[in-house]
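The values are calculated or read from the model by the stated rules, or taken from the named source; none is laboratory data. The model shown is predicted, which means the values in this text are computed figures rather than measured ones. With ideal geometry, Cβ positions are generated from the backbone for all residues, glycine too; neighbour counts draw on all protein chains shown. Calculation scope for accessible area: heavy atoms of the full protein, side chains included, ligands and nucleic acids excluded. Shrake-Rupley method; radii C 1.70, N 1.55, O 1.52, S 1.80 Å.
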Amino acid sequence: MTLELGLNQQPAHLRQGSSIGQPLTRRDGFLKVTGAARYAADNHPPGMLYAVLAVSSIARGRVASLDIEAAKAHKGVVEVMTPRNRPALAMDPDAKDHPFMFRLDLLQNDEVRYPNQSIAVVIAETLEAATEGAVLLSPRYEELPARVGLDDAESFVPRGVGVGNPAVQHKGDVEAGLKSARTRIEATYETPAQYHNAMEPHAIVAAWDGDRLSIDTPSQGLAMAQGRIAGLFGIAPQNIHIRSPFLGGGFGSKGMISGPQVLGVLAARLVGRPVKLVLRREQMYGPVGHRAPTRQTLRMGMDGQGRLTAIDHHAKTASSTFDDFFEPAADASHTLYASPAIATSHEAVRLDTGTPLFMRAPGEATGSIALESAIDEAAHACGMDPLEFRLRNYAEVEPMTGKPFSSKALRECYSQAAKAFGWASRPLQPRLMRDADGFLTGWGVGTATFPALMFQAEARAVLRADGSGLMETGAQDMGQGAWTAFAQIAADGLGLDIDQVDFRAGSSDLPNAGIAGGSGHTATAGMAIHNAGAAVVAKLADLATENKASPLFGAGNEGVVARGGRLYRRDDENRSESYAEILTRAGLTEVEGRGKGAPDPASQETYAKHAHGAVFAEVKVDPDFGQIRVTRMVGAFAAGRVINPRLVRSQYYGGMIWGVSFALHEEAVTDRRSGRIQNANLAEYHVPVNADVPSVEALLVHEDDPHINALGIKGVGEIGVTGTAGAVANAVWHATGVRPRRFPIRIEDLLA
Amino acid sequence: MRDFDYIRPASIPDAIAAAAEPGSAYLAGGTNLLDLMKGGVTSPQRIVDISRLPELNRIERLEDGGLRIGALVRNADLAHDAAFAKAYPMVAEALLSGASAQLRNAATVGGNLLQRTRCSYFYDTASACNKRVSGAGCAALGGENRLHAVLGWSDACIATHPSDFCVPLVALDAVVEIEGKQGRRHVTLAEFHLLPGETPQRENALEPGDLIVAVRLPAEAASFAANARYLKVRERTSYAFALVSAAAALVVDGGKIRAARLALGGVAAKPWRARAAEAMLLGADANEATFASAADAALADASPSGDNAFKIELARRIVVRALTSAQAGTPERLPALPASPFSNIPGARHDA
Ligand SMILES: Cc1cc2nc3c(=O)[nH]c(=O)nc-3n(C[C@H](O)[C@H](O)[C@H](O)COP(=O)(O)OP(=O)(O)OC[C@H]3O[C@@H](n4cnc5c(N)ncnc54)[C@H](O)[C@@H]3O)c2cc1C
Ligand code: SF4
């Protein structure tokens, strides 16, 4: 075990540490497989009551009546919360102080704006009584016609898409580029509404003590949740303690506190007792976000060498009638393929749905499946191998901005994955490969990419006289392995073995770790941890190097390295001292350091920062039935420094399986008249099962990024979805000769 | 959930007496009933738990060469009974293609026959459904109905019966043994489920209190063991209901078809026995042309009930493939992906 850490945190001083880079298994794995991990809904404070939502079955209108008497008369029902008696809030739930403050349905009135919107909360001694109470409310409605599909409402150009990108952007002259092209393609692709469907439903256990509030709830963003609830209730954020040690998945749906979670807090306020509220599976289809449907049209022109002369990517999408989130699908065309002219544009309609939100690779996933399909069509139109075509149009600088990439090992990804997959023997024309059993076989490729984002995070580090260390940050583990990866970074940052480090996370009373989202958590909170470690080690080094009694006296910060709980003189490794000796001599029980993680504004300006990957997929299609099976996938990804290859690989696997799901399975089937989702359950909302993903391989491609952050970390959580969905769609085309233009690909689309 | 009485009778007569009261429902594996209760689709006032009645748990070989399967035999236990799987391979294959391992461990023979449709409007209590509320209308007409029936439907209901198990059973002339207030009676499975007509709320031949005690297979059902397949096309490789399925069984002698059985699943409110196709197969040469005309005959009366015309063509092709596979012979061992078109992928071939 060797760890060397220069105390001056320049990237050049960093080396592969003893913990970083190790394929450690999840530290929380044992707790989870034994059932000992306590999720939010596992909490039962004394005196707790159960709250159950009554939700709207109409998409639009108002609640005309609720039989509150009948519900209250049911044995065990304690209270029914409706707009009439809902405790006052300090803030209008429809207020929007900033773009990321999403409007919530908190029983502010009797209006209904989407199916499954909360219209009342029944609070009872038992879950069963509350459930029946909710049924007994027998709501009656005044109903208005629902607007359900992308053609059901007037479209407009949103002011911004995604996190505030311009809805319409261009560089160069796309029409001229298309006109000058030797070959052109144009195609329209449709993607459906999808729902996050985290295994763990949104759940909350809330308990008030005067003006103090204690909450157990899954959250991908503890400090944001704390701030939002504080604002709504008009109390200080410090008065709210949120515990979220484990999440059963989030995928973006737990990034912002949702309406039902706040209703749990309101219910507890109303009855003056702790309350638990857990969404039923079908209630997750509405108030907690979803991926909006899109219809995307791509036009591309190519010159005689297969070089793109123009890319025009237009996306139509939908938001709710009452809030703004616009899936930035067309922006996928900004970063991947070189072209002298690129135009992206969005239009949107307002539908009677819950507000769509971030869902794993928001915009990137929807945009990617359309872009990668269109690129495949373009390659075919040019008579080129789709990999060769991608290489021909390889972007040496970010196409839209002209900025250099901070690092980009995409060529390596293509070549490693193509080799592992055996791409070279692929016939150009479709429907030429059959296996021994007569199945149509097809191979497809897609390029994966995701921006390397960083947000803001803080961490606190402590070194103790007993030789151990403590690292605290309110980081969130959605299942991705944050407990483990951050502890690894902490151990190296503190110059300790990982088992000497007490790592604490998942609680709002710890330093703000920012959001576990945008694939930026490891980079952001990881840098905060790293810097906190450096700060505390620097303090310790000062104690030693300034003290004549220390063998390190006079070495100066630059002259010591921290390793295995000791500081060593860089120029003479025989001179060292343990942390415990240093602290004991100084008469201290501990020293503390703090660190922050944030993007570096200068390098933000200079560089385009993205992770990249290449995914190859093989599908088999039954020639008569059109039933599809993905038989093999190989992805290669370059995303900077890998903290833990085991965890990173499983993120890629998960992302790639989401890609299969996108291409072949997922779809919220919505009744075109009522707007109600018809398959709001895990039997009928299909995601892949094990038999759908026989062989998935993820290769980790080495990539040093000196600009991204001192640790060199990009993100890995979302990129796997991108590229893969397109690779599968392209493989289906290669197998069948039928170009999928709506997703998921349906059997009837392939029944020639 | 609404309060209900829970009764665990000690004997079949006690069970029947308890269930004869209006508002009663038998509880077997509960994999369908409990979901329906949680969703408010059905709200029985009395649950009669038959799951521990010992005499319903047996698989018995009958003196006449037939087989009697107790109503409480679990789907998994039946499929994994080696003698059963050998004699009725397409039934075992159908069972193993259904649901998931966990569900098959809980689901029973009787419950499988009586499972309700997966029509989403039947589950969505805010939608009109003639099956749920007689005379309310049918929201599936003009709605999201690409999975609905193409045979035997009416304007009152276009739902399908979702069972896999029932499809080979009806092909093999299975008989349902029912015990009620009037004693025991036998109804062929072909007559057990009812087409919707004007009364889609009436789904089968049971009267209030009637208990399925067993399903019988006649002696000749085993004569197809060498050439019998179940084939199920679905939207993911496992753990999905059939879009369309088919059970095909042949006795072939010198290239001529001496006996033929054919049934379709996922196409109608009942497991669909294709008798006209069987008649056409009988005595004909076992070849693709014959199978294709049989498929045409099987689907001759089919018509789309909505956005589901593709199911008719799909069904035709499935019939041809199922017959072809049956002719090719029952595989030595059940494939790892039972009933899947991909069941033959090399490497995936091991015991299910
Ligand atoms: C997610 C999911 C996926 C599924 N996928 C498939 C699939 O792919 N293929 C497939 O075929 N099935 C599938 N099923 C359905 C499953 O096979 C049935 O739920 C199961 O067979 C029902 O058996 P049970 O014993 O649990 O019945 P229960 O739920 O206990 O009962 C069902 C009904 O039958 C009645 N009943 C039960 N036993 C008797 C009896 N002996 N006499 C009279 N009445 C009785 C009950 O009162 C009730 O009305 C799936 C189910 C689920 C939940
Ligand atoms: S098809 Fe049948 S089950 Fe479905 S809504 Fe219509 S009546 Fe009800």
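Using the structure shown, decide if B:Thr160 is β-branched (Val, Ile, Thr), within 12 Å of ligand 1 (Cβ to nearest atom) and open to solvent by 10 Å² or more (accessible area, probe 1.4 Å).
Values: β-branched (Val, Ile, Thr): yes; within 12 Å of ligand 1 (Cβ to nearest atom): yes; open to solvent by 10 Å² or more (accessible area, probe 1.4 Å): yes.
Considered against the rule, which asks whether it is β-branched (Val, Ile, Thr), within 12 Å of ligand 1 (Cβ to nearest atom) and open to solvent by 10 Å² or more (accessible area, probe 1.4 Å), B:Thr160 comes out as yes.
Only one entry of A:Leu270, A:Leu298 meets the criterion of being in contact (Cβ under 8 Å) with a residue 60 or more places away in the chain and in the same structural domain as A:Ala54 (by TED's automatic domain parsing), and that entry is A:Leu270. Taken together, the residues in region B:189-219 that are loosely packed, with under 15 Cβ neighbours inside 10 Å and within 21 Å of B:Phe165 (Cβ to Cβ) amount to 2. For region A:164-175, the criterion of a residue being surrounded by 15 or more Cβ atoms within 10 Å (Cβ to Cβ), under 23 Å from A:Lys254 (Cα atoms) and within 32 Å of the chain's Cα centre (by Cα) is satisfied by at least one position.
Scan region B:138-146 and give yes if some residue there is part of a strand (DSSP E or B) and either buried (at least 17 other Cβ atoms within 10 Å of the Cβ) or more than 10 Å from ligand 2 (Cβ to nearest atom) (or both), otherwise no. Among the residues of region B:138-146, at least one is part of a strand (DSSP E or B) and either buried (at least 17 other Cβ atoms within 10 Å of the Cβ) or more than 10 Å from ligand 2 (Cβ to nearest atom) (or both), which makes the answer yes.
Could you check, for region B:306-325, whether at least one of its residues is open to solvent by less than 40 Å² (accessible area, probe 1.4 Å), away from chain A (no Cβ under 14 Å) and either closer than 22 Å to B:Arg146 by Cβ or not small (Gly, Ala, Ser) (or both)?
no
Filter the strands (runs of 3 or more DSSP E) completely within region A:45-108 down to those with at least 1 residues that are of a type in the set (Gly, Ala, Ser).
The strands (runs of 3 or more DSSP E) meeting that bar are A:49-55, A:61-65.
Taking the criterion of being within 14 Å of ligand 1 (Cβ to nearest atom), hydrophobic (A, V, I, L, M, F, W, C) and at the interface with chain A (Cβ under 10 Å from one of its Cβ atoms), the only residue of region B:120-149 that qualifies is B:Leu147.
Count of region A:109-132 residues, restricted to those that are more than 11 Å from every other protein chain (Cβ to nearest Cβ) and not in a loop (DSSP other than H, G, I, E, B), is 9.
Residue by residue, here is whether (1) within 14 Å of chain B (Cβ to nearest Cβ); (2) open to solvent by less than 30 Å² (accessible area, probe 1.4 Å); (3) in contact with a Cys (Cβ under 7 Å, 6 or more places away or on another chain) holds:
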position: A:Val33; (1), (2), (3): no, no, no
position: A:Ala37; (1), (2), (3): no, yes, no
position: A:Asn43; (1), (2), (3): no, yes, no
position: A:Gly47; (1), (2), (3): no, no, no
position: A:Ser56; (1), (2), (3): yes, yes, no
position: A:Ala64; (1), (2), (3): no, no, no
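In the set (1) assigned to a helix (DSSP H, G or I); (2) surrounded by 24 or more Cβ atoms within 10 Å (Cβ to Cβ); (3) not aromatic (Phe, Trp, Tyr), the condition left unmet by A:Ser519 is number (1). Against the conditions (1) without any contact (Cβ under 8 Å) to a residue 40 or more places away in the chain; (2) away from chain A (no Cβ under 14 Å), B:Arg236 satisfies every one except (2).
Picking from residues in region B:102-117 that are within 6 Å of ligand 1 (Cβ to nearest atom), within 14 Å of chain A (Cβ to nearest Cβ) and within 14 Å of the chain's Cα centre (by Cα), the one that is surrounded by the most Cβ atoms within 10 Å (Cβ to Cβ) is B:Ala107.
Quick check on region B:92-101: of everything there that is closer than 28 Å to B:Arg146 by Cβ and away from chain A (no Cβ under 14 Å), which residue is nearest to ligand 2 (Cβ to nearest atom)? The qualifying residue nearest to ligand 2 (Cβ to nearest atom) is B:Ala94. Residues that are within 22 Å of B:His148 (Cβ to Cβ) and open to solvent by less than 30 Å² (accessible area, probe 1.4 Å) within region B:278-301 comprise B:Ala295, B:Ala298, B:Leu299, listed in sequence order.
For region A:389-416, residues that are within 18 Å of A:Gly301 (Cβ to Cβ), in a loop (DSSP other than H, G, I, E, B) and without any contact (Cβ under 8 Å) to a residue 60 or more places away in the chain total 0. For beta carbons closer than 6 Å, sequence separation of 6+ or different chains, a first residue in region B:190-215 that is in the same structural domain as B:Ala274 (by TED's automatic domain parsing) and a second that is open to solvent by less than 30 Å² (accessible area, probe 1.4 Å) and within 12 Å of ligand 2 (Cβ to nearest atom), there are no qualifying pairs.
Here is the figure for region A:361-395: residues that are open to solvent by 10 Å² or more (accessible area, probe 1.4 Å) and at positive phi total 1. Of the residues making up region A:396-442, those that are more than 27 Å from A:Val701 (Cβ to Cβ) and open to solvent by 50 Å² or more (accessible area, probe 1.4 Å) number 6. Within region B:154-166, can one find any residue that is within 16 Å of ligand 2 (Cβ to nearest atom), without any contact (Cβ under 8 Å) to a residue 24 or more places away in the chain and acidic (Asp, Glu)? Taking every residue of region B:154-166 in turn, at least one turns out to be within 16 Å of ligand 2 (Cβ to nearest atom), without any contact (Cβ under 8 Å) to a residue 24 or more places away in the chain and acidic (Asp, Glu).
Counting only strands (runs of 3 or more DSSP E) that sit completely within region A:237-351, those holding 3 or more residues that are open to solvent by less than 10 Å² (accessible area, probe 1.4 Å) correspond to A:294-302, A:308-320, A:342-351. Does B:Ala85 satisfy the condition of being open to solvent by less than 10 Å² (accessible area, probe 1.4 Å), more than 14 Å from chain A (Cβ to nearest Cβ), more than 9 Å from ligand 2 (Cβ to nearest atom) and under 20 Å from the mean Cα position of the chain (by Cα)? Taking the combined requirement at face value, the residue does not satisfy it.
All told, A:Ile657 falls short of being buried (at least 24 other Cβ atoms within 10 Å of the Cβ), away from every other protein chain (no Cβ under 11 Å) and either charged (D, E, K, R) or not in a strand (DSSP E or B) (or both).
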